[in-house]
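Student: The structure follows.
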Amino acid sequence: MGDWEPVLGIINALVRQALRAKATRVEVHLEHFEDTARITVTDNGAGIDQDELAIMRTRLNQPLREELAKYYGVLAGRSVGDSLSIVGMMTDRVDIHSAVGQETEVHVHLHFK
């Protein structure tokens with residue numbers, strides 16, 4: 001994997017989201033291989049109610065836009081527009097688990113060409 005900018009942008013966006021949820025602990029786990037990466041971000045923030053969780057899942061699972069990944073990688077971690085949708089356009093799959101008053105866990109799967 002050559003260009004780390006998209007990965008760092010995704011991590012930054014997810015950590016920002018956790019901090020907005022008043023998390024006092026955020027854990028980031030990154031595994032990278034030759035052409036794939038998995039990112040897991042877990043936090044102890046306020047949690048997410050089921051309606052908001054459904055909206056977040058939609059935003060995080062946008063169609064993959066490989067041709068824009070490098071550009072979006074720079075924007076993803078910054079507070080511009082809808083960073084969750086930007087993250088969604090850069091990933092193959094995102095799974096998110098949470099409930100009000102419980103920790104949130106986000107799993108991101110990326111494939112690099």
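Bear in mind these aren't lab numbers, they're just calculated from the coordinates by the rules spelled out. Quantities reported herein were computed from a predicted structural model and do not represent experimental measurements. Backbone-built Cβ (ideal geometry, glycine too); neighbour counts: all protein chains shown.
Student: For His107 and Glu31 in the same chain, what is the full-extension length gain: residue separation times 0.36 nm, less their Cα-Cα distance, in nm?
Tutor: On the way: separation 76, 0.36 × 76 = 27.36 nm, distance 1.12 nm.
Separation in residues times 0.36 nm, less the Cα-Cα distance, equals 26.2 nm.
Student: How far is it, in nm, from the label point at Ala99 to the one at Ser85 when both lie 7 Å from their Cα along the line to the Cβ?
Tutor: Label at Ala99, label at Ser85, 3.1 nm between them.
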